[in-house]
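Beneath this line is the structure, given in structure tokens, with notes to follow.
What follows is calculated from the coordinates using simple rules that are stated; it is not laboratory data. Keep in mind the model is a prediction, meaning the values are calculated, not measured. Positions of Cβ are backbone-derived with ideal geometry, glycine not excepted, and every protein chain shown enters the neighbour counts.
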Amino acid sequence: MFDIKKVKIEIGGMELTIETGRMARQAHGSALVTCGETVVLATAVADTTPKLGIDFFPLTVMYQSKGYSAGKIPGGFFKREGRPPDADTLVSRLIDRPIRPLFPKTFPFETQVVITVLSHDCVTSPDVLAMVGASAALTISDIPFAGPIAGVRVGMLEGKLVINPPMNKMEESTLDLVIAGSADAVMMVESGSKELSEEQMLEAIEFGHAEIKRLVTLQKELQAICGKAKRVVEQKEADASIAEFVAGYFKANCEAAFLVKGKKERSNAVKEAKSAMMASLTEEQAARAGEYSEAFEKAAKKYVRGLILDKGQRIDGRGLEDIRQIVPEVSVLPRTHGSALFTRGETQALVLTTL
């Protein structure tokens, strides 16, 4: 009845398995990832009807932990599983960041990746297993995905780097580094540490990436066993004449707008420059206004990237190591126990304390 396929690897001193074919068999791709007594189920589904009139990839990533996974009854009046907490939303974003760039930009089918924690031993952190599961589900599905990717947590205990350290040891760790990437590159880094040097951080990233490569190879093994043929995506060829027109207009009329100091003033200048370009289009060109608008955004990104890499300059004129003016103030409100206003350039944070 079940056509179960399974691959396994030892990582961080524990066996990690990826299994498919037992659960969620109606999904386009599903993976059950187990490490210790922590089990997560990842499913991937993409609609078969395209969403028309959109200029973005409609991807939803949802990570959900459950009280039952640790043998607990949810608190509160209803005693039922409710809406996901903020921590689950943050893990969803953690998974979203490395997988989103690997989908075709022209894929207009609504896609959902849902990861559910089924069992949690409170030793193995489920978030990195969720990243592996999400990638594995997409890799073996028919959904176009330029993966696989994987994620690991790197800790430092007694001066030694450790892969996926036990959760109860993280308080002793001087490093909490989560990285995700492919076999070729690191794609996402999220970290907290206790005053580690730059050399130690780079060593930790390289240490983690070596394990990511092994997890990527494991997923490719599973794909070779049971992977589905990927859907064919029509690649829309960019019109060279549009790109040439926009590039010429941008260089002559728009570059100066990106060098205006002041965020609001610069934003207005860029909008005016783009509006002027769109207004200059002929009737025939205006019929393809969306393509001209997209070409403008690409030209803007290329120009800003060139400023940074070639000239070491940011769009407001600052160098790469220049910091905006910082103005800290305390006791800005009379009746609160504590208050502070921190201003850096045009970004502000108002922080209040009650004892």
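When the scattering of region 5-226 is computed by the Debye formula from its Cα atoms alone, each counted once and equally, what is log10 I(q)/I(0) at q = 0.10, 0.13 Å⁻¹?
-0.44, -0.74
Could you calculate the FRET efficiency of ARG231 with GLU265 from 1/(1 + (r/R0)^6), where r is the beta carbon distance between them and R0 is 35 Å, rounded to 0.05?
With a Förster radius of 35 Å, E is 0.15.
Could you work out, for region 158-253, what percent of all Cα-Cα pairs fall into each 5 Å distance bin, beginning at 0 Å and stopping at the bin that holds the largest distance?
2, 9, 15, 13, 11, 9, 8, 9, 11, 8, 4, 2, 0
Could you tell me the distance between the Cα centroids of region 184-205 and region 210-235, to the nearest Å?
When both Cα centres are located, 26 Å separates them.
Separation of region 100-126 and region 280-301 by C-alpha centroid, Å?
35
Rounded if a/c is under 1.5, else prolate if a/b is larger than b/c, else oblate: which is region 15-93, with a ≥ b ≥ c the root eigenvalues of its Cα gyration tensor?
Oblate is the answer for region 15-93, as a/c is 1.5 or above yet b/c matches or exceeds a/b.
Only four residue types carry charge here, +1 at the Cβ of Lys and Arg and -1 at the Cβ of Asp and Glu. Report the dipole size of region 5-226 about the Cα centre in Debye, rounded to the nearest 20. Could the numbers behind the result be given before it?
Details: 22 positive and 27 negative charges, 188 e Å.
So the magnitude is around 900 debye.
Give a quick list of chymotrypsin sites (Phe, Trp or Tyr not before Pro) in region 17-92 that DSSP marks as loop, anything other than H, G, I, E or B, with at most 12 other Cβ atoms within 10 Å.
Details: sites: PHE56, TYR63, TYR68, PHE77, PHE78; in loops: PHE56, PHE77, PHE78.
For chymotrypsin sites (Phe, Trp or Tyr not before Pro) across region 17-92 that sit outside H, G, I, E and B with at most 12 neighbouring Cβ atoms in 10 Å, the list reads PHE56, PHE77, PHE78.
Counting DSSP beta bridges with both partners in the chain, what percentage is antiparallel, nearest 5?
On the way: 56 of 62 bridges.
Taking every DSSP beta bridge within the chain, about 90 percent pair in antiparallel fashion.
Measure nothing fancy, just the Cα-based angle from helix 198-226's long axis to the longest principal axis of the chain, in degrees from 0 to 90, nearest 10.
Between the helix axis and the principal axis of the chain, the angle is about 70 degrees.
Helix 240-253 against the longest principal axis of the chain: what's the angle in degrees, Cα atoms only, rounded to the nearest 10?
In the chain, helix 240-253 runs at an angle near 60 degrees to the longest axis.
Starting from 0.36 nm per residue, how many nanometres of slack lie between ARG305 and LEU202 once their C-alpha separation is accounted for?
In short, 34.7 nm is gained.
Report, to the nearest 10°, how far helix 126-140 tilts away from the longest principal axis of the Cα atoms in the chain, using its own Cα long axis and a range of 0 to 90°.
Roughly 80 degrees between the two axes.
Can you give the translational diffusion coefficient of region 69-154 in µm²/s, computed by Stokes-Einstein from the Kirkwood radius over Cα pairs at 20 °C and 1.002 mPa s?
Roughly 146 µm²/s, to the nearest whole number.
Which of rounded, prolate or oblate describes region 240-311 when judged by the alpha-carbon gyration tensor and an a/c cut-off of 1.5?
In terms of gyration-tensor shape, oblate.
Rounded, prolate or oblate, given the Cα gyration tensor of region 253-355, with a/c below 1.5 counting as rounded?
Since a/c reaches 1.5 and a/b is larger than b/c, the shape of region 253-355 is classed as prolate.
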